[in-house]
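These notes are about the structure you will find just below.
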Amino acid sequence: MGILGGVFGVMMGWIIGRVINFGTNVYMHRQGFPPEHFWAVPWWLVAFALGFAFLVSMVSGLYPASRAAKLDPVQALRYE
């Protein structure tokens, strides 16, 4: 789930960047300037974002699992 969120976030960031670049180029064309490429996302930033998403999802899943593994199953299932 964390990797899926990371991929979705990277894709949304890329799409938003393309929209910003398109809007800026439309504005610059109306002002008489040549089109430029303003928005760029380096590959290392994409890799870092995906790695960070993976790390956060692992920590957020392993911490509760390790706490639950220490509980007695009978006590965990007993209703108070």
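Values quoted throughout were computed directly from the atomic coordinates according to the rules given, and no laboratory measurement underlies them. Just so we're clear, the structure is a prediction, and the values are computed from it rather than from any experiment. A quick note on method: Cβ atoms are made from the backbone with ideal geometry, for glycine too, and the neighbour counts reach across all protein chains shown.
Stretched out straight at 0.36 nm per residue, the stretch from V56 to W14 would grow longer than its current Cα-Cα span by 13.0 nm. Loop-located trypsin sites (Lys or Arg not before Pro) in region 2-80 (DSSP state not H, G, I, E or B) with no more than 16 neighbouring Cβ atoms inside 10 Å: K70, R78.
Averaging the sequence gap over all C-alpha pairs within less than 8 Å and six or more residues apart, then dividing by the number of residues, gives the chain a relative contact order of 42 percent.
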